[in-house]
Amino acid sequence: MSKPVTIRVPEELHAQLQERAEIEGTTVTALITEAARNAVRDPRLEGAAEVFRQFVAQNADAFDAAFPDDAPTRLDAGDAAGRAA
């Protein structure tokens, strides 16, 4: 269930929101809702996705060697053809 919230923004900001929403194929409401979600996001999560990507990149070969039957197909910058599991 959603709850309506009314805010007042300057006309210029509203015009920018409308333009951005049109470009992204979304609505002003969706843009503001996403901004609100970002405002309350747990700061401990900042950068977590990048840390995870780095961990996977640094340890993928060791995982593949330890579990060869579970190695996924990957496309790496240095291996454009990828490799099959």
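Roll a 1.4 Å probe over the protein chains and send me the accessible area per residue for the chain in Å².
Per residue, the chain has an accessible area of 90 Å².
Taking only DSSP H segments of four or more residues, each worth -39500 (n - 2.57), what value at 222 nm results for the chain once the sum is divided by all its residues, to the nearest 500 deg cm²/dmol?
Taking each H run of at least 4 residues, the total per residue is -18000 deg cm²/dmol.
Please give the length that would be gained between GLU22 and ASP69 if that part of the chain were fully extended, namely 0.36 nm times their separation in residues minus their C-alpha to C-alpha distance (nm, one decimal).
Full extension of this stretch gives 12.3 nm more.
Provide the per-residue ³J(HN,Hα) series for region 23-31, in order, calculated from phi with Karplus coefficients 6.51, -1.76, 1.60 and θ = phi - 60°, each as a whole number of Hz, with x at glycine and proline positions.
Karplus-based 3J(HN,Hα) across region 23-31 equals 4, 8, x, 9, 10, 4, 4, 5, 4 Hz.
Using label points projected 7 Å from each Cα along Cα→Cβ, tell me how many nm separate ILE32 and LYS3, to one decimal.
About 1.5 nm, to one decimal.
About its Cα centre, how strong a charge dipole does the chain have in debye, to the nearest 20, once Lys and Arg get +1 and Asp and Glu get -1 at the Cβ?
I would put it at about 400 debye.
So, with a 1.4 angstrom probe, what is the percent of accessible area on region 1-64 that is carbon and sulfur?
Carbon with sulfur: 56 percent of the solvent-accessible area.
If I take every Cα pair under 8 Å that is 6 or more residues apart in the chain, average their sequence separation and divide by the length, what percent do I get for the relative contact order?
12
The values are calculated or read from the model by the stated rules, or taken from the named source; none is laboratory data. Remember, predicted model here, so these are calculated numbers, not experimental data. So basically every Cβ, Gly included, is an ideal-geometry build from the backbone, and we count neighbours across all protein chains shown. Side chains are part of the model used for accessible areas, which takes the heavy atoms of the whole protein and leaves out ligands, DNA and RNA. Shrake-Rupley method; radii C 1.70, N 1.55, O 1.52, S 1.80 Å.
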